[in-house]
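Novice: Below is a structure I'd like to ask you about.
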């Protein structure tokens, strides 16, 4: 009587298929979690900038013309950038009647949503070919 030591081709194919399915699920989950993580980082960055802008306004009675006016200072050490593209977030101050900046838009492009928002009151662009879909104002998220 002959004893076979090994696996049949069907058994090997079943195991390879199961491994491929599990790997596909793992890669898909990893990509989704990476996008979600970057979006959370973008939202946190904009909230930190909004907080710094509010502190600046409380001391100066207006918002800065540019985010670079916040650094280096007690408000922020550096202006954060998008975690994927390394591009700056969109900041648009709006002048009031006196000429001082009394309002602003802070915008970013999130990966996990397809909404669009008008940033800077004229456009929905957050950079070259990127659509803004998340906006903060002094009143919070819009």
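Novice: Among the residues of segment 87-112, write down those that are farther than 11 Å from residue 134 by Cα, assigned to a strand (DSSP E or B) and touching a residue at least 24 places away in the same chain (Cβ under 8 Å).
Specialist: 91, 92, 93, 94, 101, 102, 103, 104
Here is a yes/no grid of residues against (1) in contact (Cβ under 8 Å) with a residue 24 or more places away in the chain; (2) in contact with a strand residue (DSSP E or B) (Cβ under 8 Å, 6 or more places away or on another chain):
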site: 40; (1), (2): no, no
site: 51; (1), (2): no, no
site: 54; (1), (2): yes, no
site: 58; (1), (2): no, no
site: 69; (1), (2): no, no
site: 120; (1), (2): yes, yes
site: 129; (1), (2): no, no
site: 134; (1), (2): yes, yes
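Condition check ((1) buried (at least 16 other Cβ atoms within 10 Å of the Cβ); (2) out of contact with any helix residue (DSSP H, G or I) (no Cβ under 7 Å at 6 or more places or on another chain)) across all residues:
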{"position": "63", "(1), (2)": "yes, no"}
{"position": "79", "(1), (2)": "yes, no"}
{"position": "84", "(1), (2)": "no, no"}
{"position": "90", "(1), (2)": "yes, yes"}
{"position": "95", "(1), (2)": "no, yes"}
{"position": "101", "(1), (2)": "yes, yes"}
{"position": "109", "(1), (2)": "yes, yes"}
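Novice: Taking the condition surrounded by 13 or more Cβ atoms within 10 Å (Cβ to Cβ), part of a loop (DSSP other than H, G, I, E, B) and under 11 Å from the mean Cα position of the chain (by Cα), does residue 46 pass?
Specialist: No: the conditions fail for residue 46.
Novice: Let me ask something else about it. I'd like to verify a number: residues in segment 104-119 that are modelled with pLDDT of 80 or more and more than 18 Å from residue 48 (Cα to Cα), how many?
Specialist: The qualifying residues number 7.
The values are calculated or read from the model by the stated rules, or taken from the named source; none is laboratory data. Since this is a predicted model, take the numbers as computed values, not measurements. Cβ: placed from backbone, ideal geometry, glycine included. Neighbour counts: every protein chain shown.
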